[in-house]
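Asker: My questions all concern the structure below.
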Amino acid sequence: MAHDAHEVKKEMVAIYPKKLGKKRAEQIVVTELGPDGSVPEIKANVRSSPGIITQRGCAYAGCKGVVIGPSRDILSIVHGPIGCSFYAWLTRRNQTRPPSDSDPNFITYCLSTDMTEQEIVFGGEKKLKAAIKEAYDVFHPKAIAVFSTCPVGLIGDDVHAVARQMKEELGINVFAFSCEGYRGVSQSAGHHIANNQLFKHVIGLNELAHEDKFTINLLGEYNIGGDAFVIEDLFRRCGIKLIATFSGNSDYDSMANSHTADLNLVMCHRSINYMAEMMEKKFGIPWLKINFIGAAATAKSLRKIAEYFDDAELKAKVETVIAEEMPKVDVAQKDVKSRCQGKTAMLFVGGSRAHHYQVLFKEMGMEIVAAGYEFGHRDDYEGRKVLPTIKVDADSKNIEEIEVRPDETRYVPRLSQERKAQLADPELEFQDYVGMMPEMEDGTLVIDDISHHETERLIELYKPSIFCAGIKEKYAVQKMGIPCKQLHSYDYGGPYAGFEGAINFYREIDRMVNMKVWSLVKAPWQTLAPQPEPAPVAAD
Amino acid sequence: MSADTSAVTNMTASLNILQKPAALPSYVSTRNACKLCAPLGASLVFRGIEGAVPFLHGSQGCATYMRRYIISHFREPMDIAASGFSESSAIFGGGENLRRGLQNVTAQYKPSMIGVATTCLCETIGEDVAAMVREYQEAQIDLPTPQLVHVSTPSYSGTHVDGFHAAVRSVVATLATPEPEPSHHVNLLPGMVSAADIRYLKEIAEDFELSSIVLPDYSETLDGPALDAYEKIPAGGTPIQGIRSAAGARASIEFGRSIRQRDTAAAFLESTFGVRAHRLGLPIGINETDRFFSTLKDIADRPVPRQHEMERERLIDSYVDGHKYVFGKRAIVYGEEDLVVGLAALLAEIGIIPVLCASGGKSGALRQSIAEVAPSSPGVTEVCDYTDFMSIGEKAKLLKPDLLIGNSKGYGIARDLGIPLVRVGFPIHDRIGGQRILHLGYRGTQQLFDRIVNALLEHKQQTSEIGYSYM
Ligand code: SF4
Ligand code: SF4
């Protein structure tokens, strides 16, 4: 792969009209780690240009689909015309396990006010109220969440007033999300909106006390393919008490009780860092960035938790679990390396996965040639240290920043100042995230919000062994003769988290990068060398 | 429209051909919808035109959702561009976004056509997109610009099927030009059928030695080959030149009993250019297919090709063979209205009682259409339009059917009841090859029949204590 990344970048943007080319050039960088640990600046979290085929979805997708959707007993009602609701119906493949068959699981339902022209013209509040009442009568949920889609914001229905009123009338928790798809520039806006409303309307409502020594919440793990089950099992074996997950395999009561934990673990920084910060400010719960994707990363994350609690017994347990798991991982790694070493991967997905999954590929001996997020911000690329320098544009300004103060009675600092100082070791990522770029090889392409056109060029030039994205990209990539691994839905495979998940992933990628089917594209008669011309009859 | 749509009642219209249905409450919400939204149908149409790129005017999220949905069914690339409204375009209008979007698509794709459909957002604002598109096209008159076609597709007033038909009509109305010389071809307007159906229709027309324009034709663009070199816009699709000549066609054949009264592409071509419109039901089952072949025979003025007659004969032979397995069985069919009508026609022929015919659509013509094709259903046929999957599921509990016929979205109901689901229509995202399911004609009916019988046999085998291997 003898491509100069800088040249590739130039070539990729050449086709665009001038203004667009200039913008895209700022969203494509070539990594280079400075001696002070600095990385080049990338433009991110800016609006995709009209007419560009982007991977991105909307705020509603981030709010309803990503953050709230996986929780099983908050009943969701989508206020708007039918499509938005239909398209988010069970498409994210989050798994959940209610404690018993009689416990509620609303994940399989897709309720919509299915607005008609009448409501668009005269307002839909009345219908929304009736829909909430009806949903209550049928399902008797503990909580109902209402999501606004684009037209609703425009006609000015006050979904929050309706929620308040119905909360009073029904005596259950009802709250709404102004997550219209035109807010912000991607799903990311919706994550923030979801964090805000959960924080305002759910966190801190359940005071159940725990005797356990090590209590945590897991933030930003959505249990695709059963990842959360694997992680839960690791916690259990280590003697760590998980109070709530946001929001894979979660329920309402545990979320309401999450303020009682002593540590927040942040898995997907992009979608949930707001929650970690707000909980720290209000309740004094510190947070740690962890990553359970990759065997080494999992071991490291468990060790970080033990380090935080600084307890000999916990540390010993963590080491035991790691020692139990690693031999199996080593065997699998050795096996796949014999076939995968030196192969190349590209990852363009999400707001954290394009970083996390690099670990797994490296564990297999594969090389990352290009990566980027669909809806990451600069801090996800360059690390939280750039936060103070990020400019807030009009698209981000319209998302509420909640002002949070310490709770008068429930703010309990978990750590002394000295202990905090001790934990400031950058390796520990205590209340910090270093981002994707510092961990990448110099000279690698990083592309934010990659377009369909750029994807094609990239693949043509580099011919990677595998491309990771989502279902929208999958078949286009495969038309180009490159296998595409879906890292949103996992291609209905998984789990990929933890030690067991790492082994699953190695095997899956091994199978994909060594697939032979493309050698059949040409039929035998199509590949035959042209028949030689009959030799001219020698003339004498 | 058969449903009451006052502000608080979006109720399920329950109509009954023979007997009053068990009273069930009607609901405010749509609970697990049995329909998708309008621009999705329009995008499919645009994808079926040679060199065209679908474009949504509105928020980018809608385009992304529709792409992911269409892709999950076809397992093929599907690009839909969007103008990507921001909050300020939502307030001040999206004209500038539209212009820039069209420019950017042109630069990247060099399309021969861009089909612009609207999302709810821009419809709610009330933008005059038609005028914006016209102005853009006129301003670019000296530049190599793609042909633009606009269709208005507010989802709060129609489903994906409505969007589909509206787009076909818009394409024709925009492109068709009066022909000095009549051409001898026939316009085939099949509606939202599978890629395999489209390929088969073209084959039939060829066998009649009729030249035909099938609109849309996504038989290749959404069911293409593995490639050596990637094509930005896949090869195939209805040639634009062909659509232009639609005005001079010998006749149009348009499928869909539910749309016979509507202002469709065929209606437009007839009223504007005098192209005779043959408006038939989807040719599923022998009777409906006979009507289609008779029409072709008349238009082509030649006998039905022997190989098709033989397919018909084999089909009847198999009806006889399979009769003992299917007769008296009870089925629920659901999905797009015209597909439901076609399936009801087939079921009535083979002796399966369509106990419930359900659709999320609301053309208002479903009941009448079913009465026409299945007039003597020996049991109760309940017809519900404007309904949803929870209502279907609730009724299914009472109706105790032996099987379900419809798209993947009914899987939950089939699973709850422990009965087979025969997958047809759109979307099919829990099986491979949804685009290759053949529904139409003698051949498609044959395949449906075989699949229905085998689903029942398999179920019988699986639930039998003995486990016969000879049935
Ligand atoms: S806003 Fe309208 S067009 Fe967009 S997804 Fe929702 S229903 Fe479909
Ligand atoms: S209408 Fe808005 S909320 Fe709905 S899918 Fe489109 S962008 Fe998202």
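The values are calculated or read from the model by the stated rules, or taken from the named source; none is laboratory data. Note that the structure is a prediction, hence the values are computed from the model and not measured. Because the Cβ atoms are built from the backbone with ideal geometry, glycine has one as well, and the counts that use them run over all protein chains shown.
Asker: Any residue at all in segment B:421-435 that is among the basic types (Lys, Arg), more than 21 Å from B:Gly328 (Cβ to Cβ), outside any helix (DSSP H, G or I) and under 26 Å from the mean Cα position of the chain (by Cα)? Spell out the reasoning first.
Answerer: Filtering segment B:421-435 down to residues among the basic types (Lys, Arg) leaves B:423, B:431.
Subsequent filtering for residues that are more than 21 Å from B:Gly328 (Cβ to Cβ) retains B:423, B:431.
Now drop any that are not outside any helix (DSSP H, G or I), which leaves B:423, B:431.
Subset that is under 26 Å from the mean Cα position of the chain (by Cα): B:423, B:431.
Looking through segment B:421-435, at least one residue is among the basic types (Lys, Arg), more than 21 Å from B:Gly328 (Cβ to Cβ), outside any helix (DSSP H, G or I) and under 26 Å from the mean Cα position of the chain (by Cα).
Asker: OK, next. Mind checking which residues of segment B:217-232 are surrounded by fewer than 19 Cβ atoms within 10 Å (Cβ to Cβ) and of a type in the set (A, V, I, L, M, F, W, C)?
Answerer: Initial filter on segment B:217-232 (surrounded by fewer than 19 Cβ atoms within 10 Å (Cβ to Cβ)): B:220, B:225-232.
Once the filter is applied, which keeps residues that are surrounded by fewer than 19 Cβ atoms within 10 Å (Cβ to Cβ) and of a type in the set (A, V, I, L, M, F, W, C), segment B:217-232 yields B:Ala226, B:Leu227, B:Ala229.
Asker: Filter segment A:150-168 down to residues that are touching an Asp or Glu at 6+ places or on another chain (Cβ under 6 Å) and not aliphatic (A, V, I, L, M) and give me whichever is nearest to the other protein chains (Cβ to nearest Cβ). If you could, list the steps in order and put the result at the bottom.
Answerer: Pass one, segment A:150-168, residues touching an Asp or Glu at 6+ places or on another chain (Cβ under 6 Å): A:150, A:153, A:157, A:162.
Next, only the ones that are not aliphatic (A, V, I, L, M) stay: A:150, A:153, A:157.
On the way: A:Cys150: 4, A:Gly153: 7, A:Asp157: 12 Å.
Filtering segment A:150-168 for residues that are touching an Asp or Glu at 6+ places or on another chain (Cβ under 6 Å) and not aliphatic (A, V, I, L, M), the one nearest to the other protein chains (Cβ to nearest Cβ) comes out as A:Cys150.
Asker: Does segment B:42-52 contain at least one residue that is within 16 Å of ligand 2 (Cβ to nearest atom), in a helix (DSSP H, G or I) and more than 21 Å from B:Gln108 (Cα to Cα)? Walk me through how you get there before you give the answer.
Answerer: Start the filter on segment B:42-52 by keeping residues that are within 16 Å of ligand 2 (Cβ to nearest atom), which leaves B:42-43.
Adding the requirement that they be in a helix (DSSP H, G or I) leaves B:42-43.
This time we only want the ones that are more than 21 Å from B:Gln108 (Cα to Cα), so: B:42.
Yes: one or more hits.
Asker: Here's another thing I want to ask about it. Do we find that A:Leu234 is under 19 Å from A:Asp73 (Cβ atoms) and in contact with a helix residue (DSSP H, G or I) (Cβ under 8 Å, 6 or more places away or on another chain) in this structure? Break it down into steps so the answer makes sense when it comes.
Answerer: Working: under 19 Å from A:Asp73 (Cβ atoms): no; in contact with a helix residue (DSSP H, G or I) (Cβ under 8 Å, 6 or more places away or on another chain): yes.
Considered against the rule, which asks whether it is under 19 Å from A:Asp73 (Cβ atoms) and in contact with a helix residue (DSSP H, G or I) (Cβ under 8 Å, 6 or more places away or on another chain), A:Leu234 comes out as no.
Asker: Within segment A:174-193, is even one residue within 16 Å of A:Lys126 (Cα to Cα), within 12 Å of ligand 2 (Cβ to nearest atom) and in contact with a Lys or Arg (Cβ under 6 Å, 6 or more places away or on another chain)?
Answerer: no
Asker: Tally the residues that are away from ligand 1 (no atom under 16 Å from the Cβ), out of contact with any Leu (no Cβ under 8 Å at 6 or more places or on another chain) and either within 10 Å of A:Phe375 (Cβ to Cβ) or part of a helix (DSSP H, G or I) (or both), restricting the search to segment A:51-71.
Answerer: So the answer is 2.
Asker: Moving to a separate point now. Take the residues in segment B:379-398 that are among the aliphatic types (A, V, I, L, M) and surrounded by fewer than 20 Cβ atoms within 10 Å (Cβ to Cβ); name whichever of them is nearest to B:Pro354 (Cα to Cα).
Answerer: Here is the first cut: in segment B:379-398, the ones among the aliphatic types (A, V, I, L, M) are B:380, B:383, B:390, B:392, B:396, B:398.
So of that shortlist, the ones also surrounded by fewer than 20 Cβ atoms within 10 Å (Cβ to Cβ) come out as B:380, B:398.
Working: B:Val380: 8, B:Leu398: 14 Å.
Only one residue tops the list, namely B:Val380.
Asker: Could you look through segment B:190-201, keep only residues that are in contact with a His (Cβ under 9 Å, 6 or more places away or on another chain) and not small (Gly, Ala, Ser), and pick out the one that is surrounded by the most Cβ atoms within 10 Å (Cβ to Cβ)?
Answerer: Applying the first criterion (in contact with a His (Cβ under 9 Å, 6 or more places away or on another chain)) to segment B:190-201 yields B:191-194, B:196-197.
Filter once more, keeping what is not small (Gly, Ala, Ser): B:192-193, B:197.
Numbers: B:Met192: 25, B:Val193: 29, B:Asp197: 27.
Selected residue: B:Val193.
Asker: Further question: Filter segment A:129-154 for residues that are within 16 Å of ligand 1 (Cβ to nearest atom) and in contact with a helix residue (DSSP H, G or I) (Cβ under 6 Å, 6 or more places away or on another chain) and give the result.
Answerer: A:Val146, A:Phe147, A:Ser148, A:Thr149, A:Cys150, A:Pro151, A:Leu154
Asker: Would you pick out the residues in segment B:67-84 that are in a helix (DSSP H, G or I) and either aromatic (Phe, Trp, Tyr) or more than 7 Å from chain A (Cβ to nearest Cβ) (or both)? Spell out how you get there, then give the answer.
Answerer: Let us first name the residues in segment B:67-84 that are in a helix (DSSP H, G or I), namely B:67-74.
Of everything in segment B:67-84, those that are in a helix (DSSP H, G or I) and either aromatic (Phe, Trp, Tyr) or more than 7 Å from chain A (Cβ to nearest Cβ) (or both) turn out to be B:Tyr69, B:Ile70, B:His73, B:Phe74.
Asker: Let me ask another. Please specify each residue of segment B:292-310 satisfying the condition of being more than 30 Å from B:Val161 (Cα to Cα) and crowded, with 18+ Cβ neighbours inside 10 Å. Before you say what the answer is, go through the steps one by one.
Answerer: Taking segment B:292-310 first, the residues more than 30 Å from B:Val161 (Cα to Cα) are B:301-307, B:309-310.
Within segment B:292-310, just B:Pro305 meets the criteria.
Asker: Residue under question is B:Pro146, and the condition is that it be within 14 Å of another protein chain (Cβ to nearest Cβ), under 26 Å from B:Pro427 (Cα atoms) and out of contact with any Gly (no Cβ under 7 Å at 6 or more places or on another chain); does it hold?
Answerer: Working: within 14 Å of another protein chain (Cβ to nearest Cβ): yes; under 26 Å from B:Pro427 (Cα atoms): no; out of contact with any Gly (no Cβ under 7 Å at 6 or more places or on another chain): yes.
In short, no.
Asker: Could you run through segment A:60-76 and say how many residues are within 12 Å of another protein chain (Cβ to nearest Cβ) and more than 14 Å from ligand 2 (Cβ to nearest atom)?
Answerer: First, the residues of segment A:60-76 that are within 12 Å of another protein chain (Cβ to nearest Cβ): A:60-65, A:75-76.
Those left that are additionally more than 14 Å from ligand 2 (Cβ to nearest atom): A:75.
Number satisfying all stated conditions: 1.
Asker: Those residues that are in contact (Cβ under 8 Å) with a residue 60 or more places away in the chain, under 25 Å from A:Ser489 (Cβ atoms) and surrounded by 21 or more Cβ atoms within 10 Å (Cβ to Cβ), I need them from segment A:233-251; list them, please.
Answerer: Within segment A:233-251, the subset in contact (Cβ under 8 Å) with a residue 60 or more places away in the chain is A:233-234, A:237-240, A:246-251.
Checking the rest, the ones that are also under 25 Å from A:Ser489 (Cβ atoms) come to A:233-234, A:246-251.
Answer for segment A:233-251, where residues must be in contact (Cβ under 8 Å) with a residue 60 or more places away in the chain, under 25 Å from A:Ser489 (Cβ atoms) and surrounded by 21 or more Cβ atoms within 10 Å (Cβ to Cβ): A:Leu234, A:Phe246, A:Ser247, A:Gly248, A:Asn249, A:Ser250, A:Asp251.
Asker: Now for a separate question. So, B:Glu87, is that one facing chain A (nearest Cβ under 7 Å) and within 16 Å of ligand 1 (Cβ to nearest atom) or not?
Answerer: yes
Asker: While we're looking at this one, here's another question. When B:Ile233 is evaluated against the numbered criteria (1) within 14 Å of chain A (Cβ to nearest Cβ); (2) more than 16 Å from ligand 1 (Cβ to nearest atom); (3) without any contact (Cβ under 8 Å) to a residue 40 or more places away in the chain, which criterion, by number, is the only one it fails?
Answerer: (3)
Asker: Further question on the same structure: Looking only at segment A:78-126, filter to residues that are at the interface with chain B (Cβ under 7 Å from one of its Cβ atoms), outside any loop (DSSP other than H, G, I, E, B) and among the β-branched types (Val, Ile, Thr); which one of those is nearest to the chain's Cα centre (by Cα)?
Answerer: Among those residues, the one meeting the criterion is A:Ile82.
Residues are listed down the side, and each one gets a yes or a no for (1) within 16 Å of ligand 2 (Cβ to nearest atom); (2) closer than 18 Å to A:Gly83 by Cβ; (3) at pLDDT 95 or above; (4) outside the structural domain of B:Ile259 (by TED's automatic domain parsing):
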{"residue": "B:Cys122", "(1), (2), (3), (4)": "yes, yes, no, yes"}
{"residue": "B:Glu138", "(1), (2), (3), (4)": "no, no, no, yes"}
{"residue": "B:Leu143", "(1), (2), (3), (4)": "no, no, no, yes"}
{"residue": "B:Asp162", "(1), (2), (3), (4)": "no, yes, yes, yes"}
